Structure formats: C-alpha cells, structure tokens
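In what follows, a single structure is set out as structure tokens and then discussed.
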C-alpha cells in the first residue's frame, strides 16, 4: 500500500475539516485511524496553555486516538498572528508528511485556513506606522507599488495561478497588502531578497475539504448542551485562574472569558445569565463562521454523517492506492 506521505509539502493535497464552534469536528476526527492520520489544529485559541475547557481542546483520549498539532504552544499572554501560525502549521505538516502520514487540517478559523491556502512568506517586523500607512492607500496604489517592488509576483494567467509557485491574482487584496508590507519591511531593514524568500517559500498549500453544516435548531441545541457541560467542567474556575496569573491577556479574548471575569469580580451576573450570554456569543460566532465557510471554494458543505464517505472519496481521488 502506498502512503500519501513522504512527499514534499508543495506537491501534497491536504484534506481539511472545518466548521462552526461546537459542530463536533474533533469527535469526527477522532474516528480516523491514528496510524494513518494526524491532525493540525486550525484554531487561534487552542494554541494557548492552561485553558482546555475555554477553548474546547481535544481530550486526552481524543489525542491518544489521533495525534494533534498546534495545541498548548503558548502562554496566555503571548500574542500570535497569521504569519506565526502559518510557519508553525507548515512545519507540523512537513513533519507529518515526512513520517509517511497524512495531515488533516481541523478547526474553525477560516482566516488561518485562508492564510495557509494563500501562502505567506516568513515575517519581518512590520511596525504599526508602516502598516497604517499602507492601509491608508487604495488597493490600486498598493498593487502598483507591489508590482514595482516585486515584479512577477502578481499574475493573471490562470494556468500559472493553478500551478502555484507563490503568484497570486491582482484582485487578492489581502495578499497584495501583506506582501507590500513585507517588501517595505525588507527595504526598511536593509534585508536583500534571500533564497528562503524564493517562490517555493511563498507557495500556497493545496487544500480540499469540507465544513460541517447542520439545521439551525440542531446546532443551537448542541451549543446549549455544550455550554452547560463547559460550566459543569469548571469553566469559570479555569478562566479566573488564567486571569489572576496573567491579567487581561490575549488568550482571554476567547468567547465569553471576559463575561466570566466580570461575573466573578462583580457578582452581578447570575449563572443562568452567564449561560445565556455564552450561548448568544457562541451562536453569533458560529453564524460568522458559517458565512465564511460558504465562501471558501476549497470547502464543501457536508453533514456529520457524510464525513467518513467524504474522506474515502478524497483518498480515492487524490491517493487511490491508499485506502482506509
């Protein structure tokens, strides 16, 4: 049997399972055979330590079944951005492939998934003044300057775009702005273009996957049950422990954490009101996530019961000699 692993990252096609918060992604991933698959978390909060309940990290049993990467990487007061995430995710994916396994991306952060899909170079320091200056420019101005500083990076040829190589369409406003920031930063720091900045390091990751969709009443009922389980598991104690140790830190921007701090410090929010607020926050966030995933061309909407067949269909298409 031929493994899909053992190949370079720039030639691999990776499966992904995304979905709104509380849609049961981790439970589905834990059904995969761990001898073949390892999961890479696409989540902006599961990178933090000391908060397994708050960020709904996979349980020890789930991680024993399928190894997960990008969990418990940082202290709660450490900041992250997309460039840091992409570097860490690419390193994990490379490692999994070299060991002959297939990485599957799983999470709820559509922005981080897009960053992986688009490809991002190593970050240079971009100070706030430089970023604000570039943000004040029109897209046309940013595009013209980027084409002058990095000729050949922007491309309209569909065949070349499909082949990768780090190029992107001129209408990709996110990448135009990001790459202009980096080009300006190189000039500011007098750093010439290095081999590490060549096309391959800018190569997007090819992804084909799914996002979990479900009827709204079922989703809302599941969220209510999940929030109650989190509260019973000690969510409030966990959040206050982080707050007392690290203060008003980056990790406490996770859903509902500030409401829990307010409740604990003032006592003016009852447990029932806290549960209601947490439900509203999760429901609103889930709505934004679903809106994002509907627009992701690399993702197909499926129900949870379709996941196993979807994975097998992906393997049949991309790695036909490899069957689970």
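Observations on the model:
- Residues of region 203-253 that turn out to be modelled with pLDDT of 95 or more and on the phi > 0 side of the Ramachandran plot, as a count: 1
- For region 42-85, filtering for residues that are in contact with a strand residue (DSSP E or B) (Cβ under 6 Å, 6 or more places away or on another chain) and under 15 Å from residue 230 (Cβ atoms) leaves 1.
- Test result for residue 118, modelled with pLDDT of 85 or more and at negative phi: no
- Boolean, residue 214 is in contact (Cβ under 8 Å) with a residue 60 or more places away in the chain, assigned to a loop (DSSP other than H, G, I, E, B) and under 22 Å from residue 26 (Cα atoms): yes
- Check on residue 33, touching a residue at least 60 places away in the same chain (Cβ under 8 Å) and surrounded by fewer than 21 Cβ atoms within 10 Å (Cβ to Cβ): yes
- Single residue of 62, 35 found to be more than 23 Å from residue 212 (Cα to Cα) and either modelled with pLDDT under 95 or in contact with a helix residue (DSSP H, G or I) (Cβ under 8 Å, 6 or more places away or on another chain) (or both): 35
- If you check 236, 232, 284 for being loosely packed, with under 12 Cβ neighbours inside 10 Å and over 23 Å from the mean Cα position of the chain (by Cα), only one passes: 232.
- Extreme residue, nearest to residue 82 (Cα to Cα), among residues of region 145-176 that are surrounded by 14 or more Cβ atoms within 10 Å (Cβ to Cβ) and at pLDDT 85 or above: 176
- Of everything listed in (1) over 19 Å from the mean Cα position of the chain (by Cα); (2) under 17 Å from residue 20 (Cα atoms); (3) surrounded by fewer than 14 Cβ atoms within 10 Å (Cβ to Cβ); (4) at pLDDT below 95, the single unmet condition for residue 256 is (3).
- Residues that are out of contact with any strand residue (DSSP E or B) (no Cβ under 6 Å at 6 or more places or on another chain) and part of a helix (DSSP H, G or I), drawn from region 305-324: 305, 306, 307, 308, 309, 311, 312, 313, 315, 316, 317
The values are calculated or read from the model by the stated rules, or taken from the named source; none is laboratory data. Source: prediction; values computed, not measured. Reconstructed Cβ throughout: ideal geometry from the backbone, glycine too, with neighbour counts over all protein chains shown.
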